[in-house]
Amino acid sequence: MAITPSMQTEKSPSYDQVSQAASEQGLVIYGALRPNLHPAQGLSHGTLVLLGTGEAFWPVFTSSREHLDAVADPIDQWSARVIGDLAETLGAKPYFPFGGPPYTPFVDWALATGRAFTSPSQMMVHDEVGMLISYRGALHFDQSFDIPPPPLAHSPCATCTTQPCLNTCPVHALADGGPYDLTACHQHLDTPAGVACMTQGCLARCACPLSQGAGRRIEQTAHHMRYFHPS
């Protein structure tokens, strides 16, 4: 559904309204917070809602002009347009995790929502989409409105006995407590054995039990891997 100025919210939006508007664009709310409790990037009031890709994202994106016209950085450009339109419609200010430096502190915001955590591998894990987490933008509202409490009181990693994020990587690029061996990762992706990671996504991130909740299409994962490791 196209977003038009005539749809603009005249009163304080609700969490459900934001969620519905986002879902129509293939996005889901990855978390929300009150900036007065977690000041960052000059924000000190209202409500901040973080948006990421949902199961419906890839079909929406691949039918967009950014994808069809093969523009540079198509997902970033799509995100800027769509989340910018959402901001205008809902009466918010948009923020994005790209376009820097300086960069917006999305990692800090994500952790502050209580819905994202630092895994043993030092990569972020989300309570719903696991390690296939993909923030596309955020909406800052001047108004304060009700936001649901995080569904988990503690990191899901605390009760994960198999810890596949640590033992699935073929070259052990991820270690408990870090650091991430980026060189070993890229070198592996240049080998025939690395084809699986390039076409199916990072095996360690996909192995996280919660990653199944992302509903991620393999084509989307392969797209991200080509940007992470250009041939």
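Bear in mind that the values in this text are calculations on the coordinates, not laboratory data. Bear in mind the structure is a predicted one, so any value in this text is a computation, not a measurement. Note that we place each Cβ from the backbone using ideal geometry, even for glycine, and neighbour counts take in every protein chain shown.
Dividing the mean sequence gap of close Cα pairs (under 8 Å, 6+ apart) by how many residues segment 7-228 holds gives a relative contact order of 22 percent.
Exposure proxy ranking for Cys185, Cys208, Cys202, based on other Cβ atoms within 10 angstrom of each Cβ and starting from the fewest, stands as Cys185, Cys202, Cys208.
Protection proxy ranking for 146-154, 60-68, using the average of other Cβ atoms within 10 Å per residue and placing the highest first: 60-68, 146-154. Each part reduced to its alpha carbon centroid, segment 70-84 and segment 211-231 end up 16 Å apart. If you take every residue apart from Asp146 with its C-beta less than 15 Å away from the C-beta of Asp146, what net charge results, scoring Lys and Arg +1 and Asp and Glu -1? Charge balance near Asp146 sits at +1.
Taken along its principal axes, the alpha carbon cloud of segment 7-228 reaches lengths of 55, 43, 31 Å, longest axis first. Cβ-Cβ distance of Val195 and Ser63, R₀ of 22 Å, FRET efficiency by 1/(1 + (r/R0)^6): the value works out to about 0.20. Two tests apply to each whole DSSP H helix in the chain, Cα reach of 20 Å or more along its axis and mean Kyte-Doolittle hydropathy of at least 1.0, and none passes both.
Which FRET efficiency value, to the nearest 0.05, do you get for His45 and Ser14 by plugging their Cβ-Cβ distance into 1/(1 + (r/R0)^6) with R0 = 25 Å? With R0 = 25 Å, the Cβ-Cβ based efficiency is 0.90. Between segment 93-122 and segment 167-200, the C-alpha centres lie 23 angstrom from each other.
By its C-alpha gyration tensor, with a ≥ b ≥ c as the square roots of the eigenvalues, how is segment 1-114 shaped: rounded for a/c under 1.5, else prolate for a/b larger than b/c, else oblate? It comes out oblate by the Cα gyration axes.
Taken over the alpha carbons of segment 109-231 as equal point scatterers, the Debye sum produces base-10 log I(q)/I(0) values at 0.14 Å⁻¹ of -0.65.
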